[in-house]
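Q: Encoded as structure tokens, here's the structure I'll be asking about.
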């Protein structure tokens, strides 16, 4: 590049009065590398430095706003999978089909009788097993574990209840 | 204190950014004029003041060390300007503390009343109204200027990349960005004014 060309390139970034043009200030403010003389001028000229600082701080603020705007706009257009509702009409239709399909059997009464017989037989077997186990070490272990389980459940429920009562009391006092 | 000349050497212990790995030292050097300007403006002193040199050196040190933490799409220039502003405010805080210490009989409370440079939570949480206002303002810009502005601030593209992408000279990119910023600022101020209760 000849000296004339270099001078032309520098002058393209200058105002008529020899100070940096608006475009040069914006480019320097954004950290763009321009012709060497332009940066040097900004480091010497108080007037251009003041305008450069203004341009840089403006770029900083607007850039933050634009990035936040872009993030929020992208978020608003993102598919909301979590909020998607289940297809209620499909569930209702499936339930209706199940009920309609079971109606003949339920209406005849034989299904109810079969279910009642099965339940009775299962209860009878369970009772016999328990009676048979009574007095054995297995029964003692099972009873002990059950008591421990019941104790834990009661303790948890009681703690939550007490905590809820205290919080309600505190809120009442504050009110 | 950090030597400004360090900025000419590539950081040895930091992974280079893929897009600008070879341009980093030159990019740092290009930041010097704007960092000096912001430091002088924030400190309220002349460009040749020693404190300005200190702020620029410290800012460049932080930029070199923290450049890997730059968020995706965030341009280097404004990020470095933000650091310079914070370093300058720290410098002001030190100045005030020393001034108080020198005053006889006034030990002060030990608290320094420098305004927190970080944006307030209200400012950070951009309201839906502000988003709409920015939407409207962006829509009013011409296609080229808007594309250049978004490419720089949101996509983190360099002026050179934007120039190649949009097929215009770099001077035009700079002019578009300058005018867009001015127009957006004016439109947002106008909308703020319109919303303000009379």
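Bear in mind that the values in this text are calculations on the coordinates, not laboratory data. Since the model is a prediction, treat every value here as computed from it, not as a measurement. Note: ideal-geometry Cβ built from the backbone for every residue, glycine included; neighbour counts use all protein chains shown.
Q: What do you get when you divide the Cα radius of gyration of region A:107-170 by 2.2 N^0.38 Å, with N the number of residues?
A: On the way: Rg = 20.9 Å, N = 64, 2.2 N^0.38 = 10.7 Å.
The value comes to 1.95.
Q: Could I ask something else about it? Among B:176, A:112, what is the fewest-to-most ranking by other Cβ atoms within 10 Å?
A: Fewest-to-most ranking of B:176, A:112: A:112, B:176.
Q: Calculate the FRET efficiency for residue B:72 and residue A:61 from the Cβ-Cβ distance with a Förster distance of 25 Å, rounded to the nearest 0.05.
A: Working: r = 20 Å, r/R0 = 0.81.
After rounding, the FRET efficiency stands at 0.80.
Q: At q = 0.16, 0.24 Å⁻¹, work out log10 I(q)/I(0) for region A:24-72 with the Debye formula, treating every Cα as an identical point scatterer and leaving solvent out; two decimals please.
A: With one equal scatterer per Cα and no solvent, log10 I(q)/I(0) is -0.48, -0.82.
Q: Expected output is a single nm value to one decimal: the length gained when fully extending between residue A:124 and residue A:110, i.e. 0.36 nm times separation in residues minus the C-alpha distance. What is it?
A: Details: separation 14, 0.36 × 14 = 5.04 nm, distance 2.13 nm.
2.9 nm is the gain from fully extending residue A:124 to residue A:110.
Q: I've got another one for you. Specify the inter-centroid distance of region B:137-161 and region B:44-92, based on alpha-carbon positions, in whole Å.
A: When both Cα centres are located, 25 Å separates them.
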